[in-house]
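The values are calculated or read from the model by the stated rules, or taken from the named source; none is laboratory data. All values reported here derive from a predicted model rather than from experimental measurement. Positions of Cβ are backbone-derived with ideal geometry, glycine not excepted, and every protein chain shown enters the neighbour counts.
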Ligand SMILES: NC(=O)c1ccc[n+]([C@@H]2O[C@H](COP(=O)([O-])OP(=O)(O)OC[C@H]3O[C@@H](n4cnc5c(N)ncnc54)[C@H](OP(=O)(O)O)[C@@H]3O)[C@@H](O)[C@H]2O)c1
């Protein structure tokens, strides 16, 4: 069972993920790209209870790592840092914001597949990327609420998908498993559920048969 989460990225979405994770009962360490002193104040004010750390220290001892950095910074990210970890990829490739990033210009694969190729010793799970950081906090609902929103959870390692789906459920969303990291392309910008708030059954319809074949988590 996941107890401790490391959030890499202390910009817009990282602190919100950290905050909702703490509210769900997880221990959270958060890191930016450098000295944790630089995020100490923002952590104290915006994410009470989170521990600001160097990235390596945050990852060390974490059960799950959330990668919430701008994707144009990813090519310089050290894969060894997260080797052996379940990594939640919340990054989106959006050239108007990120600029053109060569690594992600191979459109035969989804961005998370390309992340998995580079982080070969980690288990990548794509989720939390297809809603805005402000919604992530506001749209949470207790399990069973009629207006509880669904989030897609895509990965190739079923155990890692289970681990991340449980986090998604605990923070306040229905987890819809998509069956493969490749199917995670449905969660990307321009896909059928990007930026769209849908309850589980409608979410499954929107992503089509691929998701509908999977069992929706009901923890
Ligand atoms: N904004 C949203 O609503 C939203 C929602 C879902 C998904 N996303 C995706 O989430 C990602 C982050 O978005 P954002 O809007 O939060 O970006 P942002 O505000 O630009 O976040 C930048 C943060 O990432 C940190 N960072 C960069 N490289 C790092 C590294 N190697 N290790 C640890 N931290 C590192 C930066 O640290 P330094 O300051 O030290 O460089 C900074 O704290 C993007 O890929 C975006 O597409 C965003």
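So which of 148, 216, 177, 108 ends up being in contact with a strand residue (DSSP E or B) (Cβ under 6 Å, 6 or more places away or on another chain) and at pLDDT below 95?
Testing whether each residue is in contact with a strand residue (DSSP E or B) (Cβ under 6 Å, 6 or more places away or on another chain) and at pLDDT below 95 leaves just 216.
Take residue 4 and tell me if it is out of contact with any helix residue (DSSP H, G or I) (no Cβ under 8 Å at 6 or more places or on another chain) and either within 19 Å of residue 172 (Cα to Cα) or within 12 Å of the ligand (Cβ to nearest atom) (or both).
Here the answer is yes, as residue 4 does meet what is asked.
Answer yes or no as to whether residue 191 is closer than 12 Å to residue 110 by Cβ and buried (at least 23 other Cβ atoms within 10 Å of the Cβ).
Judged against the criteria, residue 191 is not a match.
Can you find a residue in segment 137-148 that is part of a helix (DSSP H, G or I), without any contact (Cβ under 8 Å) to a residue 40 or more places away in the chain and within 15 Å of the ligand (Cβ to nearest atom)?
Yes - at least one qualifying residue is present in segment 137-148.
If we scan segment 46-54, do we find a residue that is under 21 Å from residue 160 (Cα atoms), in contact with a strand residue (DSSP E or B) (Cβ under 8 Å, 6 or more places away or on another chain) and buried (at least 23 other Cβ atoms within 10 Å of the Cβ)?
Within segment 46-54, none of the residues are under 21 Å from residue 160 (Cα atoms), in contact with a strand residue (DSSP E or B) (Cβ under 8 Å, 6 or more places away or on another chain) and buried (at least 23 other Cβ atoms within 10 Å of the Cβ).
Taking residue 23 as the residue in question, decide whether it is surrounded by 13 or more Cβ atoms within 10 Å (Cβ to Cβ), away from the ligand (no atom under 11 Å from the Cβ), more than 25 Å from residue 158 (Cα to Cα) and within 18 Å of the chain's Cα centre (by Cα).
Yes.
Step by step: first the residues of segment 35-45, then only those that are within 13 Å of the ligand (Cβ to nearest atom) and at pLDDT 95 or above, then the one that is surrounded by the most Cβ atoms within 10 Å (Cβ to Cβ). Which residue is that?
Among them, the one singled out is 43.
Give the number of residues within segment 142-164 that are surrounded by fewer than 24 Cβ atoms within 10 Å (Cβ to Cβ) and under 27 Å from residue 120 (Cα atoms).
The qualifying residues number 7.
Do you know which residues across segment 113-125 are outside any loop (DSSP other than H, G, I, E, B) and either surrounded by fewer than 16 Cβ atoms within 10 Å (Cβ to Cβ) or free of Cβ contacts under 8 Å to residues at least 24 places away in the same chain (or both)?
Selection gives 114, 117, 118.
Residues 82, 13, 88, 66: which one is within 9 Å of the ligand (Cβ to nearest atom), under 15 Å from the mean Cα position of the chain (by Cα), under 20 Å from residue 154 (Cα atoms) and surrounded by 15 or more Cβ atoms within 10 Å (Cβ to Cβ)?
13
Can you pull out the residues in segment 91-112 that are more than 10 Å from the ligand (Cβ to nearest atom), surrounded by fewer than 21 Cβ atoms within 10 Å (Cβ to Cβ) and not in a loop (DSSP other than H, G, I, E, B)?
Selection gives 95, 96, 102, 103.
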